[in-house]
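Student: This is the structure I have questions about; it appears just below.
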Amino acid sequence: MCGIAGFLNRSTDSSESRLLEITRGMSAALTHRGPDDEGQWADPACGIALGFRRLSIIDVSPTGHQPMVSASGRFVVIFNGEIYNYEDLRAELVRNFAVRLRSTSDTEVMLHGFDAWGFEPTLRRLNGMFAMAVWDREHRALYLTRDRLGEKPAYYGWLGGTFLFGSELKSFFAHPAFQAEINEESIPLYVRYGYVPAPLSIYKHVLKLPPATFLKVTSGDGAGAPQSYWSLHDVVERAAESRFDGSLDEAVDSLTARLQRSIQQRMQSDVPLGAFLSGGIDSSTVVALMQTVSAQPVHTFSIGFKEDSHDEAKHAARVAKHLGTKHQEFYVSCQEALDVIPRLPELFDEPFADSSQIPTFLISQLAKQYVTVALTGDGGDEVFGGYNRYIWLGRVWSSISRVPRRTRPALGGALTLLSPNAWNSLFRAFGPILPQSAKHRSIGQKLHKIAQVLRAENERELYHRISSIVPFPSDLLDGNDFPIAESRLEVPSGLQVAEQMMYLDTLTYLPNDILTKVDRASMGASLETRAPFVDHEIVEFAWQLPLAWKIKDGKGKYIIRKVLEKILPPALTERPKAGFEIPLGDWLRRELRDYVEATLDERSLRQHGYFDVAAVRSKWREHLSGRRDWQFQLWNVLMLQAWLTRQTSAFRSTASV
């Protein structure tokens with residue numbers, strides 16, 4: 001894993017030494033992404049400069065050094081990621097073009113591909129995770145591209161006459177053209193989702209390159225719109241016309257083989273390798289299949305908490321013992337979590353409010369003590385129907401949609417007359433006469449979610465309500481008229497409600513939240529992570545399968561469970577879905593209370609000026625009292641406040657240089 005940064009100037013009046021000096025500073029900001037090596041390349045006649053930081057994984061020798069120039073001399077590349085099918089491409093290039101390679105690097109194979117097939121045809125052949133910049137010296141054009149599902153990040157933008165790009169926003173601060181102006185349009189979007197959705201960033205004039213696209217930039221013509229080289233929309237439409245025509249058992253065998261191939265490809269490494277293990281379906285499947293193809297015990301890592309309700313470590317330990325892995329676990333105290341919080345704005349560069357960012361960073365630190373690469377189970381939920389909302393919303397919506405639209409808001413209002421805790425108490429009082437399905441400890445939260453569903457006009461609005469931390473950002477933001485840009489993604493026709501949510505999550509929540517969290521947290525510890533479930537060939541196969549093979553008998557990931565049960569007894573993994581969650585709600589009331597009070601006091605809230613002080617303070621008092629659980633909305637506010645404080649400090653620091 002690596003970090004890339006660079007720029008293209010419209011003017012060509014800078015010397016080579018000046019270009020190299022600037023790009024060296026930009027790449028130095030990414031040292032955590034690549035602590036093993038660095039490199040710069042510049043052409044003052046074109047105003048182009050490329051900077052690179054390397055975390056050595058494949059071909060750790062100097063022959064893997066970047067920036068790397070193709071054999072023809074035409075292409076220069078800086079590349080963050082891994083190409084998993086590079087050995088297949090290498091064999092094809094040797095066979096058909098008689099190329100001679102001087103290294104075992106996937107980067108060199110890719111460059112030979114550019115020479116032999118051209119940039120875009122090579123791009124379509126790649127199976128991997130990547131963000132890269134490629135300079136075409138012949139046409140004086142810069143290409144910026146990103147992998148299909150969005151594992152690796154790429155930011156870009158024109159600042160005056162300079163086109164800047166980089167793996168993380170912190171590299172932009174090292175360029176004299178950059179001005180850290182907050183994009184006001186991004187604030188309500190962040191408040192709604194807990195992240196700034198692509199293509200926007202938190203800054204004006206800076207965008208995120210969407211997954212599965214490339215951008216062509218020239219100093220004369222500027223940059224056009226990103227062009228797609230792969231489309232999930234097309235994948236879904238093709239899958240509807242070519243469904244898997246075998247039996248369930250045949251589908252399980254086919255998926256097992258595909259996952260084994262995906263995992264074996266991601267186990268290619270010249271440095272120590274392991275896996276995160278929560279003990280859930282996805283990570284257990286990855287580790288189990290890793291162990292079947294490994295000659296040595298796989299090194300596994302898990303995070304635990306002293307609170308039993310959030311402790312997954314004991315489940316992971318049982319899975320590890322059954323599989324015979326070399327297992328390490330780390331129990332997180334609230335103080336250790338508190339120590340991470342000040343680092344979060346720097347790790348993520350943008351405001352980001354998925355609280356599992358904390359244990360993800362801590363498990364990355366743990367793993368880095370033993371390995372340089374770790375496989376994860378990320379993507380399994382979106383691809384194979386694992387989230388609880390896919391399971392129950394389809395059933396609920398089919399019933400609610402038969403209720404007259406005029407009646408639904410009144411019903412929703414009735415459900416919110418009582419707080420979730422009051423509903424819980426009421427159901428506990430009548431527990432002996434209620435069916436088992438009504439005795440869940442969070443029934444009150446579920447009823448409030450159903451109230452949100454009742455207020456939705458259609459499936460699309462339903463998705464936005466359920467996927468939002470704050471469905472209506474104006475509930476928390478100050479009275480200013482902030483525009484809210486709704487998603488304009490087109491959903492293929494003929495999909496069931498659960499499939500629509502899976503499709504939208506794969507395009508939005510997966511790259512903007514899940515993969516962003518894992519990339520920044522792991523890279524903050526100089527650890528590379530790889531996710532076998534987001535192999536685009538796995539995704540394409542999954543969409544050929546009927547929904548009934550993903551969601552069945554009230555459980556998600558049915559076909560993954562069938563794969564796993566061949567290796568692990570179901571008793572080890574059959575339990576309610578969890579993951580690397582922290583006991584955030586309780587910590588906010590207790591151990592983190594002083595931090596919250598300091599961050600959400602009236603003076604601090606007014607200083608930055610984005611939030612409605614009375615609304616935020618009201619939610620904080622309700623949460624403290626236990627009347628309501630506002631943990632996620634409060635964490636959302638806390639992370640923006642923390643980021644704004646760091647942003648002010650960083651801007652002052654930059655301005656004083």
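Student: Using the number of other C-beta atoms within 10 angstrom as an exposure proxy, rank Phe178, Phe97, Phe352 with the fewest first. All intermediate terms of the calculation are to be shown ahead of the outcome.
Tutor: On the way: Phe178 22, Phe97 13, Phe352 26.
Going from least to most buried by this count: Phe97, Phe178, Phe352.
Student: List Ile263, Ile4 from most exposed to least, where exposure is judged by having the fewest other Cβ atoms within 10 Å.
Tutor: Working: Ile263 24, Ile4 33.
Lowest to highest Cβ neighbour count: Ile263, Ile4.
Student: Run lengths n ≥ 4 of DSSP H only: what is the helix-derived mean residue ellipticity at 222 nm for the chain, with -39500 (n - 2.57) per run over all residues, to the nearest 500? Could the numbers behind the result be given before it?
Tutor: Working: 27 runs with 279 residues, N = 657.
Counting only the DSSP helices, I get -12500 deg cm²/dmol.
Student: Convert each backbone phi in segment 217-227 into a coupling constant with the Karplus relation 6.51 cos²θ - 1.76 cosθ + 1.60 (shift: θ = phi - 60°), then list the ³J(HN,Hα) values in order as whole Hz, x for Gly and Pro.
Tutor: Coupling constants for segment 217-227: 10, 10, 5, x, 9, x, 10, x, 6, x, 10 Hz.
Student: Helix 497-507 sits at what angle to the longest principal axis of the chain, using alpha carbons and giving 0 to 90 degrees rounded to 10?
Tutor: Value to nearest ten degrees: 30.
Student: Radius of gyration and Dmax for segment 584-655's Cα atoms, expressed in Å?
Tutor: Cα-based Rg and Dmax for segment 584-655 come out at 12.9, 45 Å.
Student: Same structure again: What whole-number distance in Å separates the alpha-carbon centres of segment 613-647 and segment 142-164?
Tutor: 33
Student: Calculate one ³J(HN,Hα) per residue across segment 546-553 by plugging θ = phi - 60° into the Karplus curve 6.51 cos²θ - 1.76 cosθ + 1.60, and present them in order as whole Hz with x for glycine and proline.
Tutor: Running phi through 6.51 cos²θ - 1.76 cosθ + 1.60 with θ = phi - 60° gives x, 4, 5, 8, 9, 10, 8, 6 Hz.
Student: Between segment 458-474 and segment 588-608, how many Å separate their Cα centres?
Tutor: Rounded to whole Å, the Cα centres lie 27 Å apart.
Student: Taking the 0 to 90 degree range and rounding to the nearest ten, how far is the long axis of helix 86-97 tilted relative to the main principal axis of the chain, both from C-alpha atoms?
Tutor: For helix 86-97, the angle is close to 30 degrees.
Student: What whole-number distance in Å separates the alpha-carbon centres of segment 315-359 and segment 288-304?
Tutor: Using only Cα atoms, the two centres lie 18 Å from each other.
Student: Taking the chain as the reference, fit the longest principal axis to its C-alpha atoms, fit the long axis of helix 443-454 to the helix C-alpha atoms, and give the angle between the two in degrees, 0 to 90, nearest 10.
Tutor: Here the helix axis deviates by roughly 70 degrees.
Student: For the chain, give the share of DSSP beta bridges that are antiparallel, in percent and rounded to the nearest 5; count only bridges with both residues there.
Tutor: On the way: 55 of 72 bridges.
Of those bridges, close to 75 percent are antiparallel.
Student: How big is segment 2-230 by Rg and Dmax over its Cα atoms, in Å?
Tutor: In order Rg, Dmax, the Cα atoms of segment 2-230 give 17.0, 55 Å.
Student: Could I ask something else about it? Can you sort Val371, Val134 from fewest to most other Cβ atoms within 10 Å of each residue's own Cβ? Mind dumping the intermediate values first?
Tutor: On the way: Val371 19, Val134 25.
In order of increasing Cβ crowding within 10 Å: Val371, Val134.
Student: If you don't mind, there's one more thing I want to ask. Can you give the Rg/Rh ratio of the chain, where Rg is from the C-alpha atoms and Rh is the Kirkwood radius?
Tutor: Numbers: Rg = 24.9 Å, Rh = 26.0 Å.
My calculation puts Rg/Rh at 0.96.
Laboratory data are not the source of any read-out in this text; all were calculated from the coordinates shown. This one's a predicted model, so the numbers in the text were calculated from it and none came from an experiment. Every residue, glycine among them, receives a Cβ derived from its backbone with ideal geometry; neighbour counts consider all protein chains shown.
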